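J.: The structure's right below; bear with me while I get my questions together.
The values are calculated or read from the model by the stated rules, or taken from the named source; none is laboratory data. The structure presented is a predicted model; accordingly, all values stated were derived computationally and were not measured. Every residue, glycine among them, receives a Cβ derived from its backbone with ideal geometry; neighbour counts consider all protein chains shown.
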Amino acid sequence: MAKKQKLQAKVLSQRILAEGIYDMWLETPLAKDVCPGQFVGVFPTNKSTLLPRPISICEVNEERTAIRLVYRVVGSGTAEFTFYQPGDYIMILGILGNGFPVKEAAGKKAVVMGGGIGVPPLLETAKSLSSLEEKAATVSAVMGYRNKETFLSDEFEKCSNLYIATEDGSIGTKGNVIDAMNEMNIDCDVIFACGPMPMLKAIKTYAAAKGIKAYISLEERMACGVGACLGCVCKTKNVDDHSHVKNARICTDGPVFDADDIDI
């Protein structure tokens, strides 16, 4: 795993994708070592909000010189990020966390399932699955949105068979990602998922009932991002070597876990 670094990244572009959802590209040498599902900590400049905000890496450009961050504004820290313009510099910490084991899906039928702000990290995951050097996986993407503002759907269509679920039924299946899986009779060997906890719990139950391998990325508020504060733990089946109890640190042991190994 690449060594974590705190360094400045150059803002290449920034735009709004949907209500409260922003899309920012950053030029950084960290891009060359990114694995799908990993994240970076982005530092606000406001002295009252000095802790880095964890933001998943949505995409890496073909030259592996830049990363794409698609984030939701949820407070003063992320609100500050929306003011950055091309040419500005922003302090980041990375690369953080463990990513999805995409190579395990070589030659298999894989489904990436995302909901809300859990959608972005699955774009690079889907791209990687569809271009595995060993043997590309057959990739389906099942994305859940609140309404017709289906950000990133165009990009998913380029690298996967896309299915959409919306809460209000304005596009695709009315309901959630599990409803879409059932309605469209989507078959798979392995699932890669990221989203809110209720969605991940449902996916864990669905995968267990179907005998499907599932890897899930947990969303959690984080303080340090490097495993020191124990502020982002989840229950596990096995004893953690660090804390000697049945838990794991999402920021370092995750955010991606084998669904069979965690208790959610």
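J.: Sort out which residues of segment 14-57 are crowded, with 23+ Cβ neighbours inside 10 Å and within 12 Å of the chain's Cα centre (by Cα), and write them in order of number.
T.: If the condition is that a residue be crowded, with 23+ Cβ neighbours inside 10 Å and within 12 Å of the chain's Cα centre (by Cα), then P36, G37, Q38, F39, V40, P54, I55, S56, I57 are the ones that fit.
J.: Would you check which residues across segment 202-230 are within 21 Å of L123 (Cβ to Cβ), at pLDDT below 70 and either more than 19 Å from the chain's Cα centre (by Cα) or of a type in the set (G, A, S) (or both) and list them?
T.: Matches in segment 202-230: none.
J.: Taking the condition among the β-branched types (V, I, T), in contact with a strand residue (DSSP E or B) (Cβ under 6 Å, 6 or more places away or on another chain) and closer than 24 Å to C159 by Cα, does I67 pass?
T.: Numbers: among the β-branched types (V, I, T): yes; in contact with a strand residue (DSSP E or B) (Cβ under 6 Å, 6 or more places away or on another chain): yes; closer than 24 Å to C159 by Cα: yes.
Yes: the conditions hold for I67.
J.: Looking only at segment 87-110, decide whether some residue is touching a residue at least 40 places away in the same chain (Cβ under 8 Å) and within 17 Å of Y163 (Cβ to Cβ).
T.: Yes, there is a match, as at least one residue in segment 87-110 is touching a residue at least 40 places away in the same chain (Cβ under 8 Å) and within 17 Å of Y163 (Cβ to Cβ).
J.: If you check P44, P29, P52, which single one turns out to be touching a strand residue (DSSP E or B) at 6+ places or on another chain (Cβ under 8 Å) and more than 19 Å from A79 (Cβ to Cβ)?
T.: On the way: P44 fails: more than 19 Å from A79 (Cβ to Cβ); P52 fails: more than 19 Å from A79 (Cβ to Cβ).
One residue alone meets the criteria, P29.
J.: Residues being outside any helix (DSSP H, G or I) and over 20 Å from F100 (Cβ atoms): count how many of those fall in segment 145-155.
T.: 7
J.: Continuing with the same structure: Within the group T78, T150, T166, T173, which residue is in the same structural domain as E62 (by TED's automatic domain parsing), β-branched (V, I, T), surrounded by 14 or more Cβ atoms within 10 Å (Cβ to Cβ) and farther than 15 Å from F192 by Cβ?
T.: Going through T78, T150, T166, T173 in turn, just one is in the same structural domain as E62 (by TED's automatic domain parsing), β-branched (V, I, T), surrounded by 14 or more Cβ atoms within 10 Å (Cβ to Cβ) and farther than 15 Å from F192 by Cβ: T78.
J.: Given the conditions (1) in contact with a Gly (Cβ under 7 Å, 6 or more places away or on another chain); (2) of a type outside the set (V, I, T); (3) closer than 20 Å to K174 by Cβ, which single one is not true for K148?
T.: So K148 meets the others, but not (1).
J.: Does segment 242-258 contain at least one residue that is at pLDDT 65 or above, over 18 Å from I55 (Cβ atoms) and more than 19 Å from the chain's Cα centre (by Cα)?
T.: no
J.: For segment 100-125, which positions are more than 12 Å from A193 (Cβ to Cβ) and crowded, with 24+ Cβ neighbours inside 10 Å?
T.: Selection gives V102, A105, P120, L123, E124.
J.: Now, a different point. Give just the number: which of (1) of a type in the set (D, E); (2) touching a residue at least 24 places away in the same chain (Cβ under 8 Å); (3) loosely packed, with under 15 Cβ neighbours inside 10 Å does E62 not satisfy?
T.: (2)
J.: Within segment 156-177, can one find any residue that is in contact (Cβ under 8 Å) with a residue 12 or more places away in the chain, closer than 28 Å to D263 by Cα and assigned to a helix (DSSP H, G or I)?
T.: Yes.
J.: Just name the residue that is farthest from V42 (Cα to Cα) out of those in segment 61-100 that are among the hydrophobic types (A, V, I, L, M, F, W, C) and part of a helix (DSSP H, G or I).
T.: First, pick out the residues of segment 61-100 that are among the hydrophobic types (A, V, I, L, M, F, W, C): 66-67, 69-70, 73-74, 79, 81, 83, 90-93, 95-96, 100.
Next, only the ones that are part of a helix (DSSP H, G or I) stay: 79, 81.
Values: A79: 12, F81: 9 Å.
Per the criteria, the residue is A79.
J.: Is it the case that segment 42-51 has a residue that's under 23 Å from S128 (Cα atoms) and not in a strand (DSSP E or B)?
T.: Scanning segment 42-51 turns up no residue that is under 23 Å from S128 (Cα atoms) and not in a strand (DSSP E or B).
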